[in-house]
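Structure first, then comments.
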Amino acid sequence: MYAELHCLSNYSFLQGASHPDELVERAALLGYEAIAITDECSYAGIVKAHVRAKELGIKLIIGSTFKLKYNSDRYIQVTLYARNKRAYSEISSLITRGRRRADKGAYQLTLRDLEHHSKYSLAIWHPCGHQQTDHDVGQYLTQRFDKRLWVGVCLTNQYEPQSVYHQHLAIAALFKCPLIATNKVLMHSAERKPLHDTLTSIRLRRPVYSLGTHSQKNAEHSLKAATELLALYPKQLLEETLNFSDQCKFSLDSIRYQYPKELVPAHYQASDYLRALTFDGAHQRYGKQIPDRVLKQIEHELTLIGELSYEYYFLTVHDIVAFARGQNILCQGRGSAANSAVCYCLFITEVNPATSDLLFERFISKERNEPPDIDVDFEHQRREEVIQYIYKKYGRERAALAATVITYRPRSAIRDVGFALNFDAALIEQITDKISWWDRSKEILNTLRSMQLGISDHALTIFVQLVSEILGFPRHLSQHVGGFIITQAATSELVPIENAAMPDRTIIQWDKNDIEALGLLKIDVLALGMLTAIHKMLDSYNQHSDKTITIADIPNECPATYQLLSEGESIGVFQVESRAQIAMLPRLKPRTFYDLVIQVAIVRPGPIQGDMVHPYLRRRNGREAVHYDNEAVKQVLERTLGVPIFQEQVIKLAMVAANFSPGEADQLRRAMAAWQRNGNLEPFKHKLLQGMLANGHSQDFAERLYRQMQGFGEYGFPESHAASFALLVYISAWFKCHHPAHFFCALLNSQPMGFYSRSQLIQDAARHGVTSLPVNVQKSQFESLVTDANTILLGFHNIKGLSLSTAQKITRCSNRHKIHDIASLQQEISLTRAEIDKLIEGNATFNISKHRFDANWQLLNRRDGILGIADQSVGEYQPRSPSALESMQDDYQHLGFTLNQHPLAYLRDRWPYRRCYQANTLHTLRHQQFVRVAGIVTCKQRPGSASGVLFLTLEDETGNINIVVWRKTQDTFRQELTKGRLLLIKGILEHADDAPGTTNVIAGHISVCDQDLPIDTRSRDFR
Amino acid sequence: MLWVAIRLPYLQVDTLNNEQVIDPHSQVPEPSIAIYNNSKRIIQASSNALEQGVAEGMSMATARALCEKIQLLPERIDAPLDALRSLQLFSYRISPHSTIEAPDSLFIEISSTLKVFDGLDSILAIITKELAKRRWRHHVSVGLTMRAAALFSHCAQPPFLTPPSVPTQKQQQRAINQLAINQLQCSSKTILSLSKIGIEYCDQINKLTADDRKRTLSEDFNQYWQSLIPSGNQTRPTFTPPSQFQERVEFLNTINSANGLLFVCNRLAQNLGHYLIAIQGHTCELLWQLHDIEGNSLDIHIATAQPLQQYQPIVELTRLKLEPIKLKQPIDALTLVCDQITYDQQNQQDLFSRNDQHTPAHLLNLLAARLHEQAFFSLDIQPQHQPELAQTAVKAGSTESVQANEIALPPRPTFLLHNPPPLKMIGNQLCWRSPIKLLKGPERIETGWWFIPINRDYYVGQDQEHRLLWIFFDRLKENWFLAGVFS
């Protein structure tokens, strides 16, 4: 009956008030033949609309609306539609042209730009009403589009629709174009009017009450029922929309995507080249004799890759990795790609198929019909080199980063909606203050409802409703962390490209979900701080050693390394340094590499929610017998003692224990991955439970398995991924065990990364016998360096605000040895006053002055900007020495740590701190003893899988104290927990039975003692 | 020299607050007020707000959480100046040498009037009595230089006040030496530099020579430090009262009746009286301006047969003038103007004087002055969907038309009915005084959901007398109403 040809979704940021799928759903419900998503200069919402349209069986037309500059004060509106692939590409290129010219988020196009983008598209033009303009524009557009031009008329909201209709009819007749109805939809339902006004308010930065005629007069620009349309428009205008729709035959399903061809040398086919590279790599890995098992695996994979035509993808990734390796940048593939022997031989991944049981089908399979997705981690400090390589090799036209859609989160939603409703700034602040970083959306809405805000019920109802509607709305596009699309032809023909906020960065308008939905290939070029750190550990070690080692030279299965981990001494070690991991290590007591693989995978929502952790530990520690219901299950679960821990085990169990077919198992896998987004595992529950029961498994086991599936969501680890990470765990732990100075030095030089601050790392280093020497203007380099087996000389990078260029001035100076006072810093190195000031703040001048006060006095003594002129006395004033407390405060302020006494040491003799136990004494107290402890809050973690429990870490002068805060205590002491920096906690001490040395304090009462804390600190907070 | 420093750290709040508490019969409880700056932090609070825990530097949210009914107002840089000027005018009775330092301080040099007023304690008593009467929270201190007095006014317990005594140079220096450096009124950069070289108290600064100070800190600081010490180079500013009196008071809570203004009038009249006494002047004419919440102003002229200097007759005349007045809108500010200081008969202007230029603007002014101002205004279009909000009254003859050319409204009556009467449905026919035929529409307006939702379809209709009517169907009430009549 009708096709709506003009809809702005919320991907026309702050203009459309509905998600693309909401528009599609509503159109389907109203019985429309088709719906066009025509966001302004954007394709950002079309994939989401496409997916939903396919599900509902309604036709989607793809287009985009443009406001084209006609002259200095007039714009004209034209909407272009993709009737075929060429038209689609043409519009995509036009969007790119407009977006690339302007700053992020904006576009610039003139009418003349249509010259190069009007060969294939259909166009609907809405005359502006100015006679001369309409005449000129009509002529121009007719020349460009000829029979592909329509005149659009929107009779909604017209006071005299007959008059408007006839005016448009006359224009259409003049230019011999058909007249067509469009409703200029801004929302899928009239109920969204308040939200639309709110978005307008946010866009114009004026409260809703002051919008006046800037807001829509009514909600008529929404999708309408047939009866309403017939009352508004002559029938022929509605029928014309169907005629128009019939001409649009393009679907996103027809997009085919090609990888760059230049990677394959002229005389090769892609498959042959890939084969050659693979076997070349295999020989490098295994020598002349490649193990049979690996050979077989390689052949199997190459065959499948060939059948699915993925050769170019692998070659592209290989090329990038080869570049990185050539530049000595450490890199490693992660995720399901680590299941691939081909990837191993191409040096993309590091999981050896000879020693691991890989499941290639987890990575690629014919049945799944999904493209492979290889994520490669690079050293985070050098990832930019890789990115620039990609841009340079393929050009900005053929390589672009995927987008990330930045959406409204609770705080931003509250602030913007509050602003729109003209709430007092104090009230908005009051509300956002009550929201903690760990609150989920549903909790926030309940919190809002329960707050005594002092506003009317009506205002509160509207406020909560608008906040809940706007949550998840897109605000703008940002760049993905590292997902690249690389194409053979110009990328802009496939998807529009726009400028990112970072200079010289461009992004496509689709995010990773869109890319996945369309089956496109993406390479993730990710950054991993630990790779940087490991590289630095190796470099540091090699500088002090006779021989040069690489990762491959690190001894495998070192007992001492596993012992260190079993004791929970894993601060700074990759993946196992969180509170939860540290608590798990003494329980799991890893003794082999595979134990580390399990350690990495087991502390995840999947196994935790599935209640698989304790059964595994019991079996591992011999406290429970291992049993299998049948041989098929044994094959799946034997390596994890009968307990499903890895994602693929769960999928396999669904097949062998619950009779899922491979196709059903694959659907289950996808549902698990998407559960966090749209929560749809319920259809599988019945089949799973019934199937498992029918096969003799217990109800309890079946239900736990289902809960585990829910937990796997986005947080489940494939075994190969866990194995990739376990390698880095082992390497970093080995260094910590055997070469702690190099370990800690590398971590300091790789910040920011990991869980812990410099201060905590330095303290942990001291506990492991490594001394840190203060920054020294005469001796330090920019980075910290190891001076001997147990000593680190801290580098200039530790001083806040000291630039690399200043450090280079110092380190490149050949006369450093001549520096003997502050003035000589200027004379010998030509440092500016500001630069010297930074050095003094960081106490790097401790050896050329008596103390900071003295150094500052020397610095202040200057004439005409020159320090210490020979004929001028420094002045008789002699500054006093700073107290230890003053020095400590300055250390924290300018370095973030101190090498002197910990702040708690200054408080220890005072009440109430003298009544508190220190961290290093807790293990001597009895189980369930009442204790008082005090410390600086360094870490807060509230994992989603932990039933709302909050884990705090307090730091005192002797170490760290683990605090557990149950939900009820959190509610009582919410303000203290969110704001407090120095806490005094009364609670009950608990020793873990199965993990000697692991101690927690269950918090009962929490007091804030910030007034006693002489330094400014900030905790690191994690979910 | 001897200086008295008066520092008024809560001046903006106190001047607002006191308009309410000045009337002991007022039923309005003392409001809790706080002023916030651009960073949304509290900078001043009324005493009862302070009692409830509101503090400077606090966030607005915290202030509101502690004091539920607190009124939070933005900082206004200009507001305290008027108050300081009025205080300066008062101080003219004590000494002709005074100066204001915005935003909160007044300095009076009293060495030449000490004997006239029988000593320092009497002068301080006069000052503190006046400040107490105004209910302005204050800090008063003395010093041998203006800067020293200013410095001591920031002390919790300023020296030389209990009992009041004129300090010697040595005594003053000793008092300065005991102060912490962060009490000095110099730049934070200087204070940081001092702390960086280990100086915590002012006595340590004495160890620096002038050359040290200039070289290591700054010339500005050196001069500041030297200005704390008496020298022969001090100047005494002389205050000249303004040639006319004009004082405006703004109210926190509006006043709805003319009688309610009397207490504020009383205060302003007193200030006028003080001014006249101070300048030894008289007046026979003054003007009260009552400013309402819509920005309109009602002028009340008072002319007297005899020149006046005392405030009481002014108050009495004002009371008589206010009695018959019925305020159309609540008043939120009041101004008293007196620019005819010496006695002089003013000729009443004849409206149709032959000497006048009868320009339209001039005629409008005369009409506005002779008629009630609220009965004389122009209409202006506002860019609002809701018809009731789309028109506002503006000053007659004003050219304030806002974006009129941007607003393409369908035809509407000039005047809308204040309370749209419902229409009747007789049979299937809409009726008002006679059956109505719909000509144009509907124009749908849906707005106001954030306060009072409006959802209406507007039509132009015509009755049997060919009157054009603007009617609407209220979709929420499901009834028809008459919005207005086209002329």
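The values are calculated or read from the model by the stated rules, or taken from the named source; none is laboratory data. These figures come from a predicted structure and were not determined experimentally. Here the Cβ positions follow ideal geometry from the backbone for every residue, glycine too, while neighbour counts run over all protein chains shown.
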- Note on the structure: Within region A:183-224, restricting to residues that are at pLDDT 95 or above, crowded, with 22+ Cβ neighbours inside 10 Å and polar (S, T, N, Q), the one that is farthest from residue A:29 (Cα to Cα) is A:201
- With respect to residue B:215, is the statement that it is in a helix (DSSP H, G or I), modelled with pLDDT of 90 or more and more than 41 Å from the chain's Cα centre (by Cα) true? no
- Message: Just to be sure I understand the filter: pairs with C-beta atoms under 6 Å, separated by 6 or more residues or on different chains, first member in region A:733-749 and without any contact (Cβ under 8 Å) to a residue 24 or more places away in the chain and closer than 16 Å to residue A:569 by Cβ, second member assigned to a helix (DSSP H, G or I) and hydrophobic (A, V, I, L, M, F, W, C). Which pairs pass?
- Response: none
- Query: Name the pairs: first residue in region A:974-1002 and surrounded by fewer than 16 Cβ atoms within 10 Å (Cβ to Cβ), second residue in a helix (DSSP H, G or I), Cβ to Cβ under 7 Å, at least 6 apart or on different chains?
  - Reply: A:994/A:587; A:994/A:617; A:996/A:586; A:997/A:586; A:997/A:923
- Message: With the requirement that a residue be under 15 Å from residue A:574 (Cβ atoms) and in contact with a Pro (Cβ under 7 Å, 6 or more places away or on another chain), what does region A:750-768 give you?
- Response: none
- Item | Number of the exception - residue A:169 against (1) at pLDDT below 95; (2) within 14 Å of chain B (Cβ to nearest Cβ); (3) not in a loop (DSSP other than H, G, I, E, B) | (2)
- Message: So residue A:532 ticks every box in (1) within 27 Å of residue A:19 (Cβ to Cβ); (2) of a type in the set (S, T, N, Q); (3) in contact (Cβ under 8 Å) with a residue 24 or more places away in the chain; (4) assigned to a helix (DSSP H, G or I) but one. Which box is left unticked?
- Response: (1)
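Which of the residues spanning region A:99-118 are part of a helix (DSSP H, G or I) and within 25 Å of residue A:135 (Cβ to Cβ)? Outline the logic, then answer.
Narrowing region A:99-118 to residues part of a helix (DSSP H, G or I): A:99-101, A:111-116.
Residues satisfying the conditions are A:111, A:112, A:113, A:114, A:115, A:116.
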- By my count, helices (runs of 4 or more DSSP H) wholly in region A:735-831 with at least 1 residues that are farther than 30 Å from residue A:563 by Cβ are A:804-811, A:822-829
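Whether any residue in region A:631-651 is touching a Pro at 6+ places or on another chain (Cβ under 7 Å), surrounded by 23 or more Cβ atoms within 10 Å (Cβ to Cβ) and in a helix (DSSP H, G or I) is what I want to check.
Yes, the conditions are met somewhere in region A:631-651.
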- Query: Among (1) within 30 Å of residue A:286 (Cα to Cα); (2) at pLDDT 90 or above, which single condition is residue A:566 missing?
  - Reply: (1)
- Message: Going through A:137, A:208, A:185 one at a time, which residue ends up being in contact with a Phe, Trp or Tyr (Cβ under 9 Å, 6 or more places away or on another chain) and away from chain B (no Cβ under 14 Å)?
- Response: A:137
- Task: Enumerate the pairs (first residue in region A:804-832 and among the charged types (D, E, K, R); second residue anywhere and assigned to a helix (DSSP H, G or I) and modelled with pLDDT of 90 or more) with beta-carbon separation below 6 Å, excluding pairs fewer than 6 apart on the same chain, so at least 6 apart or on different chains.
- Result: none
- Query: When you look at residue A:604, is it crowded, with 17+ Cβ neighbours inside 10 Å, more than 13 Å from residue A:705 (Cα to Cα), of a type in the set (Lys, Arg) and in contact (Cβ under 8 Å) with a residue 12 or more places away in the chain, yes or no?
  - Reply: yes
- Task: Name every residue in region B:205-228 that is in contact with a Ser or Thr (Cβ under 7 Å, 6 or more places away or on another chain) and more than 14 Å from every other protein chain (Cβ to nearest Cβ), in order of residue number.
- Result: B:227, B:228
- Query: Which one of B:87, B:73, B:106 is touching a Leu at 6+ places or on another chain (Cβ under 8 Å), touching a residue at least 40 places away in the same chain (Cβ under 8 Å), within 14 Å of chain A (Cβ to nearest Cβ) and not small (Gly, Ala, Ser)?
  - Reply: B:73
- When you look at residue A:259, is it in contact (Cβ under 8 Å) with a residue 60 or more places away in the chain, more than 14 Å from chain B (Cβ to nearest Cβ) and touching a Ser or Thr at 6+ places or on another chain (Cβ under 7 Å), yes or no? yes
- Would you check which residues across region A:311-353 are in contact with a helix residue (DSSP H, G or I) (Cβ under 7 Å, 6 or more places away or on another chain) and among the acidic types (Asp, Glu) and list them? A:311, A:350
- Note on the structure: Of the residues in region A:209-265, those that are of a type in the set (D, E, K, R) and closer than 20 Å to residue B:385 by Cβ come to A:217, A:220
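Taking into account only those residues within region A:901-915 that are part of a loop (DSSP other than H, G, I, E, B) and surrounded by 13 or more Cβ atoms within 10 Å (Cβ to Cβ), which is nearest to the chain's Cα centre (by Cα)?
Restricting attention to region A:901-915, the residues satisfying the condition of being part of a loop (DSSP other than H, G, I, E, B) are A:901-902, A:908-912.
Going one step further and asking which of them are surrounded by 13 or more Cβ atoms within 10 Å (Cβ to Cβ), we end up with A:901-902, A:908, A:912.
Working: A:901: 37, A:902: 35, A:908: 41, A:912: 42 Å.
Ranking the qualifying residues of region A:901-915, first place goes to A:902.
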- Look at residue A:349 and say whether it is modelled with pLDDT of 90 or more and either β-branched (Val, Ile, Thr) or within 19 Å of residue A:521 (Cα to Cα) (or both). yes
- Message: Among the residues in region A:158-174, are any buried (at least 21 other Cβ atoms within 10 Å of the Cβ) and either acidic (Asp, Glu) or under 28 Å from residue A:22 (Cβ atoms) (or both)?
- Response: no
- Could you tell me which residue of region B:148-170 is nearest to residue B:230 (Cα to Cα), considering only residues that are of a type outside the set (D, E, K, R) and free of Cβ contacts under 8 Å to residues at least 12 places away in the same chain? B:168
- Message: From the list B:190, B:145, exactly one residue is out of contact with any Cys (no Cβ under 7 Å at 6 or more places or on another chain), away from chain A (no Cβ under 14 Å) and under 23 Å from residue B:231 (Cβ atoms). Which is it?
- Response: B:145
- Cβ-Cβ under 8 Å pairs, at least 6 apart or on other chains, region B:115-141 side farther than 19 Å from residue B:86 by Cβ, far side aromatic (Phe, Trp, Tyr) and surrounded by 19 or more Cβ atoms within 10 Å (Cβ to Cβ): B:141/B:152; B:141/B:160
- Task: Please find, among A:242, A:199, A:195, the residue that is in contact (Cβ under 8 Å) with a residue 40 or more places away in the chain, within 12 Å of another protein chain (Cβ to nearest Cβ), assigned to a helix (DSSP H, G or I) and of a type in the set (A, V, I, L, M).
- Result: A:195
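Matching residues to (1) part of a helix (DSSP H, G or I); (2) surrounded by 17 or more Cβ atoms within 10 Å (Cβ to Cβ):
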site: B:108; (1), (2): no, yes
site: B:118; (1), (2): no, no
site: B:125; (1), (2): yes, no
site: B:128; (1), (2): yes, no
site: B:142; (1), (2): no, yes
site: B:148; (1), (2): yes, yes
site: B:175; (1), (2): yes, yes
- Item | Any pair with Cβ under 6 angstrom, 6 or more apart, that starts in region B:398-427 at a residue that is within 14 Å of another protein chain (Cβ to nearest Cβ) and ends at one that is part of a loop (DSSP other than H, G, I, E, B) and at pLDDT 60 or above | B:403/B:383; B:407/B:383; B:410/A:159
